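**Q** I have a structure here, written as structure tokens, and I will follow up with some questions on it.
None of the figures in this text is laboratory data; all of them are computed from the coordinates on show. Keep in mind it's a predicted model, so treat the numbers as computed, not measured. FYI the Cβ positions are ideal-geometry reconstructions off the backbone, even for glycines, and counts take in every protein chain you see.
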Amino acid sequence: MENKKFVESANEKCTGCDRCMKRCPTEAIRIKDGHAYILSERCVGCGECVRVCPNGAKIEYYDDVKDIGKYNYNIALVSPSIFGQFNNLRDIDILLTAIKHLGFDEICEVSIGAEILSDAYSHLIDKLKKPIISSACPAIRNLIMMKYETLVDNISPLYQPEEVVAKLAIEKAKKTLDLRRGDIGVFLITQCEANVIEMKRNAADIIDKVIAFKDIYFSLLAEMKKIDDSDKERLSKANWAGIISGSNTGEALKLFSDNMLTASGIENCLSILNELERGSFLSNVDFIELYACTTGCTGGAANMENRFLARTRLRQLKSEIPRRKKTYHFSSFSAFMHEPYKVKNVYALSDDREEALELSMKMHEIYSRLPKKDCGNCGAPSCRAFAEDVVKGFKRKCDFIKGD
């Protein structure tokens, strides 16, 4: 699955303007024959290329909600950022009931997973390597594994909230309804292309399909208009702390500590990761929560609403959500922990060590003759990327290169 394309550029719409190439944090985009193309193994799903493309040329691959027909029992996992996408939404149960009416048998709030993870951090914070970097944003986690080798051990081993809820929902359905795993369809409704990449690559055993919120938005609007207080089901079980995880600071808020740092937006996150790698002032922080999208998950590319307005709406829901007793009790959180994360060497010039060294020397020789302008006119995002492409056999031309 590693080389499966999750984001592509539609040539009929792409003008080769290079905005996406210059915004990509992992240099996963090149311009070739006047069009952008994406190196899928380097894509972290941050959504920057989707947001900056003026022509709507970036295609994200999500699953179809009609796939519910493939399973006997269908579970919808609902991301909390979705609650900020509707004007004057004062009762989450109306929205959850509308989602259920699309054909789902059970609704599970990802907010519950966020609450469980916050409790887990409270128990584990003294046992994990500091500073702990939250694993909630898969784009940030993959970015670290690709570009910040020294920080990989700082990534929290805890699951994403989506994985926690999926795991619990599957176990419940199998136990209470006597279902086999193959009978159960688990659908994540999300705003995030990074979630597609993560779930398809690493969590396909517990999440079967990933649905883009934007693809069901208008169906939900129509369905919500039909639902009044007598029709709605009481489906929401989450507390405020879990629902606010739809924006940045969701996990950190429950730690009751000032010794933490939160940030959102890919450039801000890169700045913090660079500081961390240098071992600067951030070394005394216990917990770091980073989101690739500005404002966190409310800024996801598959949302419909302005990210800042969505975050405000999410926070306004606070007064509408009653205090609820926890629906879970765990003496251990080991069931929600991954194996330690490993470096993703996507920038290797060759799998053969000697050949890689030879190509590296050639790359540095080419780079030394380049102007270091990073202008992008050659179709590569930087002069270093130009040199890398050349040694890998891609044809590149630079009008400013010195020598032959």
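**Q** Among the listed pairs K13/K397; K200/K326; K100/K167; K32/K209; K5/K362, which are separated by more than 22 Å between their Cα atoms? Show your work: numbers first, answer last.
**A** Values: K13/K397 25 Å; K200/K326 30 Å; K100/K167 19 Å; K32/K209 32 Å; K5/K362 30 Å.
Result: K13/K397; K200/K326; K32/K209; K5/K362 exceed 22 Å.
**Q** Now for a different question. Which one of P80, I189, T176 has its Cα pushed farthest toward the positive end of the charge dipole of region 65-336, where Lys and Arg give +1 and Asp and Glu give -1 at the Cβ?
**A** Of the options given, the answer is T176.
**Q** Using the alpha-carbon centroid of each, what span in Å lies between region 261-338 and region 379-394?
**A** 35 Å
**Q** Which percentage, to the nearest 5, of the DSSP beta bridges contained in the chain is antiparallel? List each step's numbers first, then the result.
**A** Numbers: 8 of 31 bridges.
For the chain, the DSSP antiparallel bridge percentage is about 25.
**Q** Sticking with this structure for a sec: Give, rounded to the nearest 20 debye, the magnitude of the charge dipole that the chain has about its Cα centre when Lys and Arg contribute +1 at Cβ and Asp and Glu contribute -1 at Cβ. Intermediate values should be presented prior to the final figure.
**A** Values: 59 positive and 58 negative charges, 111 e Å.
Here the size comes out at about 540 debye.
**Q** Which value at 222 nm does the chain reach when only helices count, each DSSP H run of 4 or more adding -39,500 (n - 2.57), with the total divided by all residues and rounded to the nearest 500 deg cm²/dmol?
**A** On the way: 13 runs with 134 residues, N = 404.
For the chain, the value works out to -10000 deg cm²/dmol.
**Q** Can you give the three extents of the C-alpha atoms in the chain along their principal axes, from longest to shortest, in whole Å?
**A** That gives 78, 50, 41 Å along the principal axes, largest extent first.
**Q** Could you pull out every one of the lysines with an alpha carbon less than 20 Å from that of K127, ignoring same-chain neighbours closer than 8 positions?
**A** In chain and number order, the partners are K254, K342.
**Q** In which sequence would C24, C297 go, from the one with the fewest C-beta neighbours within 10 Å to the one with the most? Could the numbers behind the result be given before it?
**A** Working: C24 23, C297 32.
Least crowded to most crowded, the residues run C24, C297.
**Q** With just the Cα atoms defining each centre, how far is region 348-374 from region 12-67? Give it in Å.
**A** 26 Å
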